[in-house]
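Written below as C-alpha cells is the structure these notes are about.
The values are calculated or read from the model by the stated rules, or taken from the named source; none is laboratory data. Keep in mind it's a predicted model, so treat the numbers as computed, not measured. Cβ coordinates were reconstructed from backbone atoms using ideal geometry, including for glycine residues, and neighbour counts include every protein chain displayed.
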Amino acid sequence: MENSSYELFRRHPGNPILSVGNWPYKANSVFNAAATEAEGKTLLLARVEDFRGMSHLTAARSDDGITNWQIDPAPTLKCEPEKYPEEQWGIEDPRITWIDEISKWAICYTAYSKGGPLVSLALTSDFKSFERLGSVMPPEDKDAALFPVRFNGLWAMLHRPVPRASGLGAHIWLSFSPDLKHWGRHLEIIQAREGGWWDANKIGLCAPPMETKEGWLILYHGVRTTASGSIYRLGLVLLDLENPAKVIRRTDEWIFGPKASYEREGDVDDVVFPCGWVKKGNKVFMYYGAADSRLCLATADFDALVGSVLKGVEQ
C-alpha cells in the first residue's frame, strides 16, 4: 500500500486540472488559486507568474469545478504600483471569503513590496471591478484570510507575520478590526512545532476558515527543511466557533504531502500549497499549487476531515 493511501485527500486522476498550457495569454506558470462559488460556478482566482517573475491574479470558472474552465482572457487583478507602491513586485497567493453582511467577497492577497511581502485586501461583488483597501499589515506578513463573520462586533483575520530576527520561527496569528482597514489585538494562536516535526519552525494558513458544528476548521501548511530543500505538507486545526483565538484540537500527522511527480518537480520542488477549498455536499474540493508550476485538485470527505482533527491533540 502506498503512503498516499493514508492521506485524507485524494488526488484527482486528471491532475493537473490547469496549467500554463491552458492559459489564453503568455505566462510562465499558474498555481496557488483561491476558490469560491459564484453565480452557480466554481471560481478560481489563480496566481499567474509572467516571464519577468512578477505575479498577478486571473479568474477561471467551471460548472463542475473540475473541467471546461473558462479563463479570463487577460489578468483579472493586476498589480498597480503607481497607486499602491506595495505592489511593486507583484501580487500573489489570494484567499477569498464571502461576507454576507456586506454582500461582497473579500480577497486577502500578498503584495510584494521593497520592504518584503505584506497583506493587502480587496473587495468585489463580481470579480470584474475591485475596491482595493490597500495594505492592511506591514511586512513581513502573508498567508492571510478573513473569517466570514464578526466576533463581538469585530472582523477577524488569520495571517503569518515573520519576525526580522532570525531563529524565532513563523507562526499563525489572529488580528481584529472594526472596519477591515485598521487591525489590532494581535494574538499568536498556532505555533510551529520544534525539532523533527513535519511542521517545525515554519507554518502558515492555507485555505480560509471553514465553519463546522464543532468549530472553525483550519487548513495549514508546515515546512520541514531537509538537506535537499524544504518540503511543504498540510495539517488541520480546529478553533472555537465563538472565540477563534481558542485552539481546540490539532492533528499531529500531516494529512497531505507531495507524492505525485507533478508535486515533486517544478519551479519549486516538493510543494503542495492550497489557497482555496469549496464544500460541495459532503465533499471538500481542495485546489492547490503543485511545485509552484501547475494547479491541481484533491477531494476529501467533509466528515472525515472533521473527525480527523477531533482525534488530534487537545490544545
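The table below gives the values:
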{"quantity": "Residues located in the stretch 197-228, provided they are among the hydrophobic types (A, V, I, L, M, F, W, C), more than 14 Å from the chain's Cα centre (by Cα) and outside any loop (DSSP other than H, G, I, E, B)", "calculated": "200, 216, 223"}
{"quantity": "Every residue from the stretch 229-256 that is touching a helix residue (DSSP H, G or I) at 6+ places or on another chain (Cβ under 8 Å) and not in a strand (DSSP E or B)", "calculated": "251, 255"}
{"quantity": "Members of the stretch 125-135 found to be of a type in the set (S, T, N, Q) and part of a strand (DSSP E or B), listed by number", "calculated": "135"}
{"quantity": "Residue in the stretch 136-158 that is among the β-branched types (Val, Ile, Thr), outside any strand (DSSP E or B) and at pLDDT below 95 present", "calculated": "no"}
{"quantity": "Leading residue by the ranking (nearest to residue 124 (Cα to Cα)) among those in the stretch 54-71 that are part of a loop (DSSP other than H, G, I, E, B) and without any contact (Cβ under 8 Å) to a residue 24 or more places away in the chain", "calculated": "63"}
{"quantity": "The stretch 4-18: number of residues that are at pLDDT 95 or above, touching a helix residue (DSSP H, G or I) at 6+ places or on another chain (Cβ under 9 Å) and part of a loop (DSSP other than H, G, I, E, B)", "calculated": "3"}
{"quantity": "Candidate set from the stretch 266-281 (those that are outside any strand (DSSP E or B) and touching a residue at least 24 places away in the same chain (Cβ under 8 Å)); member that is surrounded by the most Cβ atoms within 10 Å (Cβ to Cβ)", "calculated": "271"}
